[in-house]
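To start, the structure under review is shown below, and the notes come after it.
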Amino acid sequence: MMFEDLRTLAMRDWLENDLLLTVVNCVPASSDASFRRYFRVTTPEQHFIVMDAPPPQENVEPFIKVATLLASSKVNVPAIFQQNITDGFLLLEDFGSQCFLDRLNTDNATDLYHSACNSLFTLQTNTAVESAPLPRYDHALLTRELAIFKDWYIEQLRDSALPESLWEKTQAVLINSALEQPTVCVHRDFHSRNLMVTDEDSPGIIDFQDAVIGPITYDLVSLLRDCYIAWPEQQVNTWMTAYYQRLLDAGLIDCPLAQFKRWFDLMGMQRHLKAIGIFSRLHLRDGKSGYLNDIPRTLDYVLRISSAYPELAEFSAYLNHTILPSQALTA
């Protein structure tokens, strides 16, 4: 067993003495970019996942709230069998150990992404934005997220400076594009590591506790321009166009494809800038340096999109002339 610290000892006490489970095996299932950890627990009857979310760094209540909301929308999220809010433990349904990232290849990508888009469409059509108890992806939140890129990647990791006037113009382009889109429920981390291959109703959706009401392209670009795996741009455009048509037919959007593509591109750039900042912070602050390997792929998305839009030409030039040379030296 893997009960080597105080948190796992407390977890074992909860499982065995409070829930009266007979634990025959316990192994780490995964960890993520937060303080949360996950363990796969085996009893004589079945497998469970235990979320370990240590207070005060983490709070399980948003997870419970969003899980309840998404389950009511017919999204395949793990059932919560038991909860210990005070100590930060949840006993969850086990979706297995195979995420999309483990399975994706050129032969099965279209089928897997089709199933993911089915789940995303269910999420977007079945969740009422007016009554959902979720925060809004507003101007303030978008600004705070973009600041992560400037603070942690540009200034701390690259030891550079981004001209304030240039940064303000760049933020305005991205934020205005985000805020003019129709709004839906946004998972906010809808990518290959959070989509689990399941025997029924695949994929199983995890890591949804930060869900918000926000731009309709956000989760789609998270999926198709994934920070952890990249596909040829022509293929991405094919998948994006198919989903655009689906949204159009359902009446969720009423815009030309070119407008939707612009929203998709600029929303992706906002997300990728944030992700680069988070990867930098995980390295510098938390000692999780493996995420540095994902910066070149994510930065490549930013470089390609910023070079494609004239209003971002100055930002593109800054990245290419000031940042890219130093990134290449450390890649």
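The values are calculated or read from the model by the stated rules, or taken from the named source; none is laboratory data. No experiment lies behind these values; they were computed from the predicted model shown. Neighbour counts are summed over all protein chains in view; Cβ atoms, including those assigned to glycine, are modelled from backbone coordinates with ideal geometry.
Summary of computed values
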item: Candidate set from region 5-56 (those that are assigned to a strand (DSSP E or B) and among the charged types (D, E, K, R)); member that is farthest from Asn84 (Cα to Cα); result: Arg40
item: Residues that are touching a Gly at 6+ places or on another chain (Cβ under 7 Å) and of a type in the set (A, V, I, L, M, F, W, C), drawn from region 198-253; result: Val221
item: Subset tally (residues that are surrounded by 13 or more Cβ atoms within 10 Å (Cβ to Cβ), without any contact (Cβ under 8 Å) to a residue 24 or more places away in the chain and over 21 Å from Glu168 (Cβ atoms)) for region 293-303; result: 0
item: Helices (runs of 4 or more DSSP H) lying entirely in region 93-164 (those with 3 or more residues that are crowded, with 16+ Cβ neighbours inside 10 Å and in the same structural domain as Ile295 (by TED's automatic domain parsing)); result: 109-126, 139-148
item: Single match in Asn118, Asn76, Asn108 (criterion: closer than 25 Å to His191 by Cα, at pLDDT 95 or above and in contact with a Gly (Cβ under 8 Å, 6 or more places away or on another chain)); result: Asn76
item: Some residue of region 21-32 being charged (D, E, K, R), buried (at least 19 other Cβ atoms within 10 Å of the Cβ) and in contact with a strand residue (DSSP E or B) (Cβ under 9 Å, 6 or more places away or on another chain); result: no
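This table checks each residue for (1) touching a strand residue (DSSP E or B) at 6+ places or on another chain (Cβ under 9 Å); (2) within 21 Å of Ser316 (Cβ to Cβ); (3) not hydrophobic (A, V, I, L, M, F, W, C).
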| residue | (1), (2), (3) |
| --- | --- |
| Gln171 | no, yes, yes |
| Asn176 | no, yes, yes |
| Arg225 | no, yes, yes |
| Ala230 | no, yes, no |
| Gln234 | no, no, yes |
| Asp249 | no, no, yes |
| Leu257 | no, no, no |
